[in-house]
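Have a look at the structure below, then the notes.
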Amino acid sequence: MRRLPTRTALTAALAAAGLTLVVSGCGAEDDQAAAVTSTASATPTPSASGSAPATRGGAAGSVEVVLYNVTGADVGTVTLTPVDSAVRVEGRFHGLTPGGYHGFHIHQKPVCEPKAADGAFSTAGPHFNPGGTHHGEHAGDLPPLLVDKDGTAEILTQSDRFTIDDLRRGGVALIVHAQPDNLAHIPDRYRASGAPSPGPDEKTNATGDAGDRIACGVLAKS
């Protein structure tokens, strides 16, 4: 009966061919059950500054946006992924104010300056709103974040109001706010002080009264 080559002999031959021997199980039958596969590996190279970029490429055309608070600490990552004619938005956050809702939007400018003269991250401008609509209908409006008692939050939603190309055409910023977002849903039985009519006033129609900007991440123009 013809003798099968030993594992040692196979390993030596395959090493010369640049292949790896993958073995399952143990014992005398291992040599007969061996499978041969081609392998490759890569080690990520850190940036020159040693810090992660604000935007990172991902699988299947997705992009990752890292958000930072006013002290420069990383507080979360949002992944944007094309899905049919929409974009899936998946975010994981930590280090946020515990136990409440926070407004979460896409803003018009890819600039996150924590020490801006008009307030932290005011350099990101207003909401991403190419249609010129009121808040609640802005392309950049996203569901608020519900932050747990440990300061973490997760979000998984989908929007067909924009594509990744739309966002990258001029670049945008993703912003977490200090307060809940009312999405400009103010019934007509309410009237703001000095407002000309009942319902949401100009500020509510612009921002949803979500307050200060506490975290910001850039999706750069490309």
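The numbers here are math on the coordinates, done by the rules we state, and not lab data. These numbers come from a predicted model, not from an experiment. Reconstructed Cβ throughout: ideal geometry from the backbone, glycine too, with neighbour counts over all protein chains shown.
The residues neighbouring residue 216, those whose beta-carbon lies less than 13 Å from its own, together hold a net charge of 0 under the Lys/Arg +1, Asp/Glu -1 convention. Binning the C-alpha pair distances of the range 90-222 at 10 Å intervals from 0 yields a P(r) profile of 13, 41, 36, 11, 0 %, listed from the shortest bin outward.
Extending 7 Å from the Cα toward the beta-carbon at both residue 117 and residue 157 defines two label points whose distance is 3.3 nm.
With 0.36 nm allotted per residue and the present C-alpha distance subtracted, the residue 222-residue 71 stretch has 51.6 nm of extension available.
Counted by Cβ distance under 11 Å from residue 145, the other residues give a net charge of -2, where Lys and Arg count +1 and Asp and Glu count -1. Candidate cross-link partners of residue 203 among the lysines, defined by an alpha-carbon separation under 29 Å and a same-chain spacing of 8 or more, comprise 109, 115, 221.
Subtracting the Cα-Cα distance from 0.36 nm times the residue separation, let me have the gained length for residue 165 to residue 88 in nm, one decimal.
In short, 26.4 nm is gained.
Over all projection directions, the Cα-based convex hull of the range 68-151 averages an area of 6.4 nm². Measuring spread by the Cα atoms of the range 64-115 yields a radius of gyration and Dmax of 12.7, 39 Å.
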